Amino acid sequence: MQNIKKTYGPITALSNASILLKEGSVVALVGANGAGKSTLMNILGGITAQDDGELLVNDKKVNFNSPVDAARYGIQFVHQELSIFKTMTVAENIFINQFPAQFGIISKQVIESTTKQLLAELGSNLNPHHYVESLSTGDCQMVVIARAMLGNPKILILDEPTSSLSKYEKEKLNLVIGRLKEAGVAIIYITHFISEIFEVCDSVTVMRNGVTISSQAIHETDNSKIIELMLGDVASIEKKRKKERSENIFLKVDKLQNENKVKEASFELNKGEILGIWGLLGSGRTELVRSIIGLDGEPKGTILISRHGKLTPVSTEYLSGITAYVSEDRRGEGVLLPMSVLKNTALPNLKKVSGNLGMIMLNKARNLATRVINSLSIKVSNFDQTVGTLSGGNQQKIVFGKWLETEPDLLILDEPTRGLDISAKGEILKIATDLANNGVSILFISSELEELMKISDRYLIISERYVVAELPGDSTQDTLISALSKNVQGSAA
Amino acid sequence: MNLDFTRNRALDFAFPIFLVLVSLGFALVKPSFLGLENIFGMLHAMAPIAIISTGMALIVIMGKLDISLGSIALVSMGVSATLLQSGYGFISSTVIALLVGAILGAVNGFIICILKVNPLIATLGTMLAFRGLGNQITDAHVVVLPDGFRALGNFSLGIIYFDTVICLVLLISVHVLHRRTKFGKVVTAIGNDETTAERVGLPVTRTIFFSFVIAGMLASIGGFFASAQVGAVTSFLGKGLEFTAVAVVVVGGISLFGGRGSILWGVILGSLTFEVIRSGLNYLGANPYFYQLIGGIVIFIAMYAAVIKMGYSANDS
Amino acid sequence: MVNMITRILNFGRIKTKLNPLFLTTGLMFLAALIFLFLNSPEFFWLNNIVNIFNQCAVLAILSLGMSIVMIGGGIDLSLPANMALSAIFGSTIMILTGSVPLGCLIMLISGVAIGSLNGFAIARLRMIPFVVTLATMTICGGISVWVTNSVSIFNQPEKFFDIFLARVLGLPLSIYILIICLIMTQIAMSFTRFGWMVYAVGTSPSVCKVSRIPVKQVLFSTYVLAGFLAGVSAIVVTARLGSASANIGNDSVILDIVTACVIGGVSIYGGKGRPVGACLGAVLVVILGNILNLLEISFFIGLMLKGFLIIFFVSLDGLLVKQNE
């Protein structure tokens, strides 16, 4: 693929991306969220078409209009979200889009024996007759890879194949990749887990802001070099806040455990402090914050908050009552798109804007909406405008605004600037720091190290569902990156 | 985990055990209830509903519902009876009845696949629209069918009735269609997750459309035997049948959430359960209206069991 | 005219764009009125109009209930069966005890009880609304025919009819009851905390969960309220017909209710529409029925028309939803 360009409306997803694949080699494709990995791979997989640039297979120029076209050239895409059908058997899942049939009747024996053979080639001894719903995620992965193998691929794209695999399953996957390599298949391996690259890949291509900024053989690079390339240079970080935080603990979480989503998490948060939660996608950072306010079922462990100067254990429900949660899924969990600004801002404040008998006091609701609009300078024509017609930045401000009106003690920000333009990002960060200055405690999650470093007073490092380290606010970029890469490597080794 | 598993198994067997217990209960009061003659009589009586439920089962496995099936039965038999009266032959009128079933099924398919209307609302609309059409055709009068029909509807070799055999043949064919053909696999896949099925490149729209056509045809066959058994087409034909069919399917362990269940065993178990209750109450001389109530309660229980099961399997993963 | 209709429909909101759905309904309304004006001017006699409203009171009250449930993102098919069963229970008690208030109370309680059953199964047990209420409908219908043997219950105390058939200022009481129900429902949905929560839950349960809205309670309440309105309609229908029977809840009534709601702009996808709209939809359904009568079109063709009307409106609604996304 050479000099690929792709724009979606005003947004440029890819400005100059190139990637080279050799038969029987594994190329890692890494980059932060929104760097353009998925877009690039969707073009290769025939899901979308490029605006500019060309695809060459064996030095021949090709153009794909659909995944079927791509498959004709031996390109198979294994998506991160596994396309499996739970109530069907392993064999059925593998053959789902290419059943061999005689007179329309499928022979179980044929597909099951072929499956067995195929899985054996991949080094798996799954029973073709088992239902997929009883399998682990790793085995499901195997099923999907086997399905891709059925199409005799020359190029196999694996998108985040390990995001929910156990260590043992990862090792199995590595073996499979080894076998595929031997068979001459070229593999593109997309991942957020840098350490894995060194286990299986021959070279690594790093993307940032729609550009493939570097392609290197694996032995020419190392962990922190890759992370640095991914995140870009964060040379001069200007702290948004002076360091003058109180030492009063506001929230203490002790050995929080939520099934396999959060493991033995303990941390403390001071009043008016911004605690940056730093971890890669899939590390369990979102699950951690959702668990403490009871959005992902009831966790085990203790949550204490400071009341009248004493730390008292509270329920997740209580904590949720004093917490504002800005979800990473703005459209799904943040705003009611088809409804007005007025109704959106009133949603968590219904008690506040209603009087006797639960009657809504329209003027109170309007005042509230106006207050939100003015204080966060949201660009709307009036409060009856539907939120769906606003820009992403203004939608996010609505989410902030509606929560601020609840006067929360704890603010959880999960990727609050995702998909926003630079100026909106700056504004969101400004709002967060202002709040902290006014005594609100904040848990701040971000994939962008730069913005995280700008405003955090302290860092919590999360990796593979564990809280692995805590670093002071004046940590440098190098310390943060090495803390993460060390722990990533440590836990994978 | 183990406990959940046991509970799940227990739920799987709950209805078969219930069926056996109820049958034994009736047999205690009247031993002839479990006599061969009565058993085959029940298999005969349940044939029409079992045939309609077969189509319903296919739709439910796809994760959808078709509550217009009873009305389709009425329209196709209304057409066929009117044709017979105006001098058409048995064969041609029956073929046309099947065709009508297929066409009405296609109308449902069109509304759901092309107009993208939610299947529940779509078939709620067509359920009443088709019922109107059917009654318009027959003028809401009872149309008596030629004598041969009644004879065919109640024809038996020994104790085995003709319609029981046809029912079994249809059941097995649809079961094979579901279990052993590409079409059936796509049906199950859609029932699992329609978006995933589309992403994998399966012919989703086409399959949904033809499933509704098949269900429509089966509904008209069911309607045919239902009318043949009594020798007439009445405006009540098929009324409430769609609900019984849903109930049969649910009791038969075919999940309303799609993707799960065996058509052959599910439909047999479900229809037999309802037939045993109906004919048992009849045997005991209970108020016939009582049956509808029991039917509703059984659906409720079956649904609740399905929900519990879903809950457990959701926890497993 | 259309403008006026949209203005009426917009009651309680400040400004909305002219929605194609409302436009279609408005045009249908207009066409129906012009048709009647040309073909049967006597339709517009005051007496006849009163009569029309009297006819549509039951349907309109049920449609109000349905609109609440549909705005919350559900559907309640058991409303007519609920009404019939409540009417039967209430009438039986009324005849047994001779007490009119007790009989009416029983009708309301029975309606609420059945509504709660639906609400519990849907909100707590997370069953599918369509199927749950289908089952409830079968059960209620079953009990109705069972206890009555499919025979109508006559002989409610004279006093009952005296009260509910009375005319106040020349209008039958049922119209007042309808107006009260309409105003209360509209106020509840547009101007109370509860109503705002219902719209929000119908639009997106996941946003509501994050925003600390008690989603389950809200859903439960919508079915209870709908059940209560079914109880109210049971009183009205018993008074108007002079009897209670299983047949008053037959399934063509549910078709009328759903038709009234969807042509009144209540979306089956939840979060959209107003009780007033459903109420006007009910009026339109009754007027259409009258036109069909006038044209001597059979009841059965009428069924077909309504069936396809529902499908037409729902597919139009779906297209609009897609367009907005």
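The values are calculated or read from the model by the stated rules, or taken from the named source; none is laboratory data. Just so we're clear, the structure is a prediction, and the values are computed from it rather than from any experiment. We place every Cβ from the backbone using ideal geometry, glycine too, and count neighbours over all the protein chains shown. Surface areas here come from the heavy atoms of the whole protein model, side chains and all, with no ligands, DNA or RNA. Shrake-Rupley method; radii C 1.70, N 1.55, O 1.52, S 1.80 Å.
Report yes if C:Phe120 is within 14 Å of another protein chain (Cβ to nearest Cβ), part of a helix (DSSP H, G or I) and open to solvent by less than 10 Å² (accessible area, probe 1.4 Å), otherwise no.
Working: within 14 Å of another protein chain (Cβ to nearest Cβ): yes; part of a helix (DSSP H, G or I): yes; open to solvent by less than 10 Å² (accessible area, probe 1.4 Å): no.
Taking the combined requirement at face value, the residue does not satisfy it.
Would you check which residues across region C:205-231 are open to solvent by less than 20 Å² (accessible area, probe 1.4 Å) and touching a residue at least 60 places away in the same chain (Cβ under 8 Å) and list them?
So the first thing to find is which residues in region C:205-231 are open to solvent by less than 20 Å² (accessible area, probe 1.4 Å), and the list is C:207-208, C:210-211, C:213, C:218, C:222-223, C:226-227, C:229-231.
Scanning region C:205-231 gives C:Val218, C:Thr222, C:Tyr223, C:Ala226, C:Gly227, C:Leu229, C:Ala230, C:Gly231.
Report the residue count in region B:186-224 for those that are more than 11 Å from chain A (Cβ to nearest Cβ) and in contact with a Phe, Trp or Tyr (Cβ under 7 Å, 6 or more places away or on another chain).
1
For C:Thr136, which of the numbered conditions (1) closer than 19 Å to C:Leu229 by Cβ; (2) β-branched (Val, Ile, Thr); (3) touching a residue at least 60 places away in the same chain (Cβ under 8 Å); (4) in a helix (DSSP H, G or I) fails to hold?
(3)
Considering only residues that are open to solvent by less than 50 Å² (accessible area, probe 1.4 Å) and more than 10 Å from chain B (Cβ to nearest Cβ), which ones fall in region A:90-104? Steps first, answer last, please.
Narrowing region A:90-104 to residues open to solvent by less than 50 Å² (accessible area, probe 1.4 Å): A:90-96, A:99, A:101, A:104.
Hits for region A:90-104 are A:Val90, A:Ala91, A:Ile94.
Conditions tested, residue by residue: (1) hydrophobic (A, V, I, L, M, F, W, C); (2) under 29 Å from A:Thr48 (Cβ atoms); (3) within 14 Å of chain B (Cβ to nearest Cβ).
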site	(1), (2), (3)
A:His79	no, yes, yes
A:Glu112	no, no, yes
A:Leu122	yes, no, no
A:Val143	yes, yes, yes
A:Leu156	yes, yes, no
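Any idea which residue in region A:187-203 is nearest to the chain's Cα centre (by Cα), counting only those that are farther than 20 Å from A:Gln76 by Cα and not small (Gly, Ala, Ser)?
Applying the filter and picking the extreme gives A:His192.
Go through region B:160-188 and report how many residues are touching a His at 6+ places or on another chain (Cβ under 9 Å) and loosely packed, with under 15 Cβ neighbours inside 10 Å.
1
Can you list residue pairs whose Cβ atoms sit under 7 Å apart, with the first residue in region A:347-358 being at the interface with chain C (Cβ under 7 Å from one of its Cβ atoms) and the second being surrounded by 14 or more Cβ atoms within 10 Å (Cβ to Cβ) and among the aromatic types (Phe, Trp, Tyr)? Count only pairs 6 or more apart in sequence or on different chains.
A:Pro348/A:Trp403; A:Leu350/C:Trp196; A:Gly358/C:Phe194
Surrounded by fewer than 19 Cβ atoms within 10 Å (Cβ to Cβ), among the polar types (S, T, N, Q) and either within 14 Å of chain B (Cβ to nearest Cβ) or in contact with a Lys or Arg (Cβ under 9 Å, 6 or more places away or on another chain) (or both), is that true of A:Asn42?
Details: surrounded by fewer than 19 Cβ atoms within 10 Å (Cβ to Cβ): no; among the polar types (S, T, N, Q): yes; either within 14 Å of chain B (Cβ to nearest Cβ) or in contact with a Lys or Arg (Cβ under 9 Å, 6 or more places away or on another chain) (or both): yes.
In short, no.
A quick yes/no check of all residues on (1) over 17 Å from the mean Cα position of the chain (by Cα); (2) within 14 Å of chain B (Cβ to nearest Cβ); (3) in a loop (DSSP other than H, G, I, E, B):
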position: C:Arg240; (1), (2), (3): no, no, no
position: C:Cys261; (1), (2), (3): no, yes, no
position: C:Ile268; (1), (2), (3): no, yes, yes
position: C:Lys272; (1), (2), (3): no, no, yes
position: C:Gly277; (1), (2), (3): no, no, no
position: C:Gly281; (1), (2), (3): no, no, no
position: C:Ile291; (1), (2), (3): yes, no, no
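Name, by its number, the condition in (1) open to solvent by 20 Å² or more (accessible area, probe 1.4 Å); (2) touching a strand residue (DSSP E or B) at 6+ places or on another chain (Cβ under 8 Å) that does not hold for A:Arg285.
Status for A:Arg285: all satisfied but (1).
Under 7 Å by Cβ, and 6 or more places apart or on different chains, what pairs join a residue from region A:430-442 that is among the hydrophobic types (A, V, I, L, M, F, W, C) with one that is part of a helix (DSSP H, G or I)?
Filtered contacts from region A:430-442: A:Ile431/A:Phe400; A:Ala432/A:Ile455; A:Ile442/A:Ala432; A:Ile442/A:Leu435; A:Ile442/A:Ala436.
Quick check on this structure: which one of B:Ala57, B:Ala97, B:Ala102, B:Ala81 is within 20 Å of B:Gly266 (Cβ to Cβ), aliphatic (A, V, I, L, M) and not in a loop (DSSP other than H, G, I, E, B)? Please lay out each step first, then the result.
Numbers: B:Ala97 fails: within 20 Å of B:Gly266 (Cβ to Cβ); B:Ala102 fails: within 20 Å of B:Gly266 (Cβ to Cβ); B:Ala81 fails: within 20 Å of B:Gly266 (Cβ to Cβ).
Being within 20 Å of B:Gly266 (Cβ to Cβ), aliphatic (A, V, I, L, M) and not in a loop (DSSP other than H, G, I, E, B) holds for just one of B:Ala57, B:Ala97, B:Ala102, B:Ala81, which is B:Ala57.
Hey, can you tell me all the residues within region B:77-108 that are over 15 Å from the mean Cα position of the chain (by Cα), closer than 18 Å to B:Leu124 by Cα, away from chain C (no Cβ under 14 Å) and open to solvent by less than 10 Å² (accessible area, probe 1.4 Å)?
none
Quick one: A:Lys430 ticks every box in (1) surrounded by 22 or more Cβ atoms within 10 Å (Cβ to Cβ); (2) in a helix (DSSP H, G or I); (3) more than 14 Å from chain C (Cβ to nearest Cβ) except a single one, so which number is it?
So the condition that A:Lys430 fails would be (1).
Could you list, ordered by first residue, the pairs with Cβ atoms under 6 Å in which the first is in region C:179-198 and away from chain A (no Cβ under 12 Å) and the second is assigned to a helix (DSSP H, G or I), at least 6 apart or interchain?
Sorted first by the residue in region C:179-198, then by its partner, the pairs are C:Cys181/C:Ile61; C:Cys181/C:Leu64; C:Leu182/C:Cys279; C:Thr185/C:Leu64; C:Thr185/C:Pro275; C:Gln186/C:Pro275; C:Gln186/C:Val276.
For B:Gly238, work out the one condition from (1) farther than 18 Å from B:Leu21 by Cα; (2) not in a loop (DSSP other than H, G, I, E, B) it doesn't fulfil.
(2)
Given (1) facing chain C (nearest Cβ under 9 Å); (2) surrounded by fewer than 21 Cβ atoms within 10 Å (Cβ to Cβ), identify the lone condition not met by A:Ser375.
(1)
So which of B:Val251, B:Val298, B:Val307, B:Val230 is buried (at least 24 other Cβ atoms within 10 Å of the Cβ) and either within 14 Å of chain C (Cβ to nearest Cβ) or under 30 Å from B:Leu83 (Cβ atoms) (or both)? Give the derivation first.
On the way: B:Val298 fails: buried (at least 24 other Cβ atoms within 10 Å of the Cβ); B:Val307 fails: buried (at least 24 other Cβ atoms within 10 Å of the Cβ); B:Val230 fails: buried (at least 24 other Cβ atoms within 10 Å of the Cβ).
It is B:Val251.
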